[in-house]
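Data first, discussion second: the structure below is written as structure tokens.
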Amino acid sequence: MGESTAHPYMANSVPELQREMLDAIGADSIEELFSQIPADHRTNRPIDLPPALSESELTRHLIGILAKNRTVEQNLNFLGAGSWQHHVPAACDEVVRRNEWLTSVFGEPSSDHGRNQAWFEFCSQLAELVDLDMVGLPVRSWGGAAGSALRMASRLTGRNEVAVVRAIDPERLSVIRNYCEPVEMANHIAVRLVGYDPATGLMDLDDLRAAVGDQTAAVYFETPSYLGVIEHQGAAIAEITHAAGAELIVGVDPLSLGVLAAPVSYGADIVVGTIQPLGVHLNTGGGVGGFIATRDDDRYAHQYPSLLISIAETIEPGEYGFGLSLFEQSSYGKRDKGNDWTGHSVYMWAIAAATYMALMGPKGFEEIGGVILQRAHHAARRLAEIEGVRVTFPSGFFKEFVVNFDGTGREVGEINESLREQGIFGGKDLSQEFPELGASALYCVTEIHTGNDIERLVGALTKAIAR
């Protein structure tokens, strides 16, 4: 190795401090710390890195790279498919950025009573929205919540197979498969996909009946589905699931619950979903939050992997305290022996979501759900009027819908490239993930889209198809 030098951004990298730290742990060299990694797994050549830049030079370099991106502030956006553009009230950002939260989002339970109360308000408001009693602190993503819920069901039933609807976000399915572990591992859970009706987008109930049995721990489906369709067969799915002795897990977009019935009303045992629409900006490189909710029942409570917040009266009349419950079963309490591992990278989003839900109230959720339904269906009707364009599932969807371009003779990629040239992000290309749908894209319309935005999309698509 060459001569060790200090890194300009790391104070502890100077040789004297490195030596002091190595002496403290009884190691002769930094190389010794990595000796357990097999030699054939380690790089034995110098890494060709550019020269170190000063802080100002590095800032300019990164800004130049980021300037190549086109964002939803610059482009009109109709992309959704797992991360959706909704309005984030300014109050959400203001509250989250307050020092009280920034310094205590994960501190000592004995000192963070305000934090615990805010978390409790998040859990209690979300519980009211999904019409259940128990909600854990958020996990990293919707996929993480679904994966954990399936593992909860496996522990509850002692079974090791789950049935998952085929019309699901491929990325979310990948996360679910990771949580269910490879077949070589002791806690492997087999994932069996259940087909959907290509004419309606709804789950194929005959395929479901064939899939479930004594081996099935849970059935998982979503409403609205990845393809945007509202699954109105929930009661029938629940009946089939429960007849097999399995748990019914339903994934849901919480914004839809202002206009759609909560999954528990048609038989859901565990409800999961995303909190990204609840005051969380679009971002990449980090989690945007997923939730798990159940009835307040010991059977379910002791299977939660996430932290739970409780409220209790104190010795002072009218005063309440907030604290963590069942801490010992979480990865915080038992590390790798906990029910599942969860991190706290999204706990700040719980504060944002609590603020959003408090601002909205029941009437606000009803209003925004109605607006989204109205605008999405209006957009679908207008797009279907373009020659060669067809909306695959023209009724019974929430904010996303599948648009088919087979009649235009154009590929989705070509159309989307033309839309980008016109300052528009088109729908998510489904051609590879769902080839049975042909040249199709998943379009998303929310409360941010105006009538003029929709007309601009119609004009741009007409132009893109005519090229």
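Below are the figures for this structure:
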read-out	value
Charge dipole (debye, nearest 20) of the chain; +1 at Cβ of Lys and Arg, -1 at Cβ of Asp and Glu	980 debye
Lys/Arg +1, Asp/Glu -1 at C-beta; the range 148-253 dipole; positive extreme among Gln215, Gly234, Thr200	Gln215
Cα-based shape type of the range 90-356, given that a ≥ b ≥ c are square roots of the gyration tensor eigenvalues and the cut on a/c is 1.5	prolate
Translational diffusion of the chain, µm² s⁻¹ [Kirkwood Rh, Cα pairs; Stokes-Einstein; 25 °C; 0.890 mPa s]	99 µm²/s
Stretchable slack from Ala235 to Leu58, in nm (0.36 nm times residue separation minus alpha-carbon distance)	58.0 nm
Positive-end residue, the chain charge dipole about Cα centroid, Cβ charges, pick of Thr392, Ile37, Gly143	Thr392
Sorted peptide list for 258-271, 219-232, 44-57, criterion being average Cβ within 10 angstrom, highest first	219-232, 258-271, 44-57
Separation of the Glu94 and Leu33 label points, Cα + 7 Å toward Cβ, nm	4.4 nm
Cross-link partners of Lys428 among lysines (Cα-Cα below 27 Å; sequence separation of 8 or more within a chain)	Lys68, Lys399, Lys463
Relative contact order of the range 238-355, pairs being alpha-carbon contacts under 8 Å that are 6 or more residues apart, as %	20 percent
Positive minus negative residues near Ala243 (Lys, Arg vs Asp, Glu; Cβ under 12 Å)	-1
Cα-based convex hull, the range 290-347, per residue volume (Å³, whole number)	110 Å³
Extreme residue, positive dipole direction of the chain, given options Thr450, Thr103, Ile309 (C-beta unit charges)	Thr450
Value of [θ]222 nm, deg cm²/dmol, for the chain, DSSP H segments ≥ 4, -39500 (n - 2.57) each, nearest 500	-11500 deg cm²/dmol
Axial C-alpha extent at least 18 Å, average Kyte-Doolittle at least -1.0 - helices from the chain (DSSP)	113-130, 142-157, 347-384, 451-466
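Readers should treat all values here as calculations from the given coordinates under stated rules, not as data from a laboratory. This is a predicted model, so every value here is computed, not measured. Glycine also receives a Cβ, built like all others from the backbone with ideal geometry; neighbour counts cover every protein chain displayed.
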